[in-house]
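Written out below as structure tokens is the structure these notes cover.
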Amino acid sequence: MTSEAKPAEGGHLAAKPQRSLASRLVIVAAVWSAIALALAGVFLVGLYERASERAFDAQLEVHIKALISGMLETSANEGRATQTVTAPTYRGDPRFSLPLSGWYWTVRRADSPQILYSSESLLGDPLNAPPIGDEEVAAGYSTGPTGDEIRVLQQRIFLGDVPYVIAVGAATASFWADISEFARLVTLTLCIVGAGLILAIFLQVRIGLKPLTRLRASLSAVRQGEAERIDEALPREIAPLAVELNALIVSNREIVERARTHVGNLAHGLKTPLSVISNEARASGGPLADKVSEQAEVMSTQIQHHLERARMAAQRRVIGVSCETEPVLSRLIRAMGKIYQDKGVLVDFDQSVPIRFRGEGQDLEEMSGNLIDNACKWAASRVQVDVAPLNDPATNRDMFAVIVEDDGPGLTREQRAEAIKRGRRLDETVPGTGLGLSIVADLAALYGGSFELDGSELGGLKATLTLPALTRE
């Protein structure tokens, strides 16, 4: 047996399978949802961060106002109220009194970097506040005495004619912890929402594309010969496609029927004149009559060959035609066993798995029948018929091989090549038209298959017929 199918003559290379429409829709929707949710997450976290920052600054501003209030001392002088600047005694938040607690304040003159007053939590260390410039209020991040990040809010005020800068700073560890927790919750929530969206999209695509699955199944049924028409009970978006496909199937069948009719008419139209010419030539006698009779016979052979080839080509174009190989071959072998019973030829048949031929059973019967009949004519006592599935690596098509072997005299390499040529006879003593093997080769090529002759292990001839198989879904 052959281990692989040869590339089909005139066959089309199988297109590389593309990603399914459903997976494309799901992937595109999933990618878009992931991007949209990621951007939404970044936006929400950014909004929360800015809102938290404003709230943090508002809290620091409260402490600044309390410090300003604590620095002003009001007294009565000659019936008028006067204000003097004193060291603030701010006790509003005990963290300002705890050493290195993360909450600090300082007071200095705007025209001097020297600190006038500071919170007890600084332990006399300076507060590393960013420059305030010409602004009245400025906020920014800096490094505290312990090396931790702090947020410092500074405000420029005038007490009398003297400008002062009051700075309040606080550690941002809890601030960023709150933002991180919010980001974690947002991420978790958006992931759940995203998973729900992808699941919903998947279900939507599966349900939305279900009519396409029905269309595919209906088309497969037509292709396998189980139905004659595609079901047109589909949504209005794809129902016109089913209608057009049915019209194509009907048109294809009409063309095939017309072709068969024309072939039959041509055959009948030519046979009668050729028979008359041949009869008249044989009745007349003489060299000219012999030549006319000879050429008439050649014309008859050629016409028969081409008409048979045209008939097979028309059958090859029928959509939705297929057949099981086992019943066809079993029927042939039983018939051959009866025909060659007196000769004592034993025909063995082996097919391990069910195989469906992508074509008409009549063509399979004609091709296989020619091979089995030829093997039985020449076999001494035994003919072996095997059927095996194959895969054509060149086109990635499912194929199968019908292998017929006999224990007869066999053929040389040159004789095998001559046997496949059109109308060539190797032995005129054996009945037959001489078109059998050439018809087999032509028909196999029309189906995108191949036909080969080789030596058999049984001692005679080995004929290998490779044909397309119908993929089982």
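The values are calculated or read from the model by the stated rules, or taken from the named source; none is laboratory data. Please read these numbers as outputs of a predicted model, since none were measured by experiment. As a convention, Cβ positions derive from the backbone with ideal geometry for all residues, glycine included, and neighbour counts pool all protein chains shown. Just so you know, the surface numbers come from the protein's heavy atoms only, side chains and all, with ligands and any DNA or RNA stripped out. Shrake-Rupley method; radii C 1.70, N 1.55, O 1.52, S 1.80 Å.
Select from region 387-414 the residues that are open to solvent by 10 Å² or more (accessible area, probe 1.4 Å) and under 25 Å from Y447 (Cα atoms) and list them in ascending order.
A388, P389, L390, N391, P393, A394, N396, R397, D398, E405
Counting only residues that are at pLDDT 75 or above and farther than 23 Å from V328 by Cα, give me the strands (runs of 3 or more DSSP E) lying completely in region 359-473 with at least 2 of them. Write out each step before concluding.
Details: elements: 382-392, 397-406, 450-455, 461-468.
Because the criterion is at least 2 residues that are at pLDDT 75 or above and farther than 23 Å from V328 by Cα, the strands (runs of 3 or more DSSP E) in region 359-473 that meet it are 450-455.
Is it true that L212 is open to solvent by 30 Å² or more (accessible area, probe 1.4 Å), closer than 29 Å to R356 by Cα, part of a helix (DSSP H, G or I) and in contact (Cβ under 8 Å) with a residue 60 or more places away in the chain? Let's see the steps before the verdict.
On the way: open to solvent by 30 Å² or more (accessible area, probe 1.4 Å): yes; closer than 29 Å to R356 by Cα: yes; part of a helix (DSSP H, G or I): yes; in contact (Cβ under 8 Å) with a residue 60 or more places away in the chain: yes.
Yes.
Please state which one of L364, L346 is touching a strand residue (DSSP E or B) at 6+ places or on another chain (Cβ under 6 Å) and under 19 Å from A445 (Cβ atoms). Quick ask: steps written out before the conclusion?
On the way: L346 fails: under 19 Å from A445 (Cβ atoms).
Criteria check complete, one pass: L364.
In region 138-169, what residues are open to solvent by 70 Å² or more (accessible area, probe 1.4 Å), part of a strand (DSSP E or B) and in contact (Cβ under 8 Å) with a residue 24 or more places away in the chain?
Selection gives Y141, E149.
Answer with yes or no whether R334 is in contact (Cβ under 8 Å) with a residue 24 or more places away in the chain and of a type in the set (K, R). Reasoning before the result, please.
Details: in contact (Cβ under 8 Å) with a residue 24 or more places away in the chain: no; of a type in the set (K, R): yes.
No: the conditions fail for R334.
Of all residues in region 239-264 being within 30 Å of I303 (Cβ to Cβ) and of a type in the set (G, A, S), which is surrounded by the most Cβ atoms within 10 Å (Cβ to Cβ)?
So in region 239-264, the residues within 30 Å of I303 (Cβ to Cβ) come out as 251-264.
Those still in the list that are of a type in the set (G, A, S) too: 251, 259, 264.
Details: S251: 11, A259: 16, G264: 12.
Ranking the candidates gives A259 first.
Does region 119-128 include one or more residues that are outside any loop (DSSP other than H, G, I, E, B), within 21 Å of G92 (Cα to Cα) and either without any contact (Cβ under 8 Å) to a residue 24 or more places away in the chain or open to solvent by 80 Å² or more (accessible area, probe 1.4 Å) (or both)? Write out each step before concluding.
Within region 119-128, the subset outside any loop (DSSP other than H, G, I, E, B) is 120-122.
Checking which are within 21 Å of G92 (Cα to Cα) leaves us with 120-122.
Remaining after also requiring either without any contact (Cβ under 8 Å) to a residue 24 or more places away in the chain or open to solvent by 80 Å² or more (accessible area, probe 1.4 Å) (or both): 120, 122.
Yes: one or more hits.
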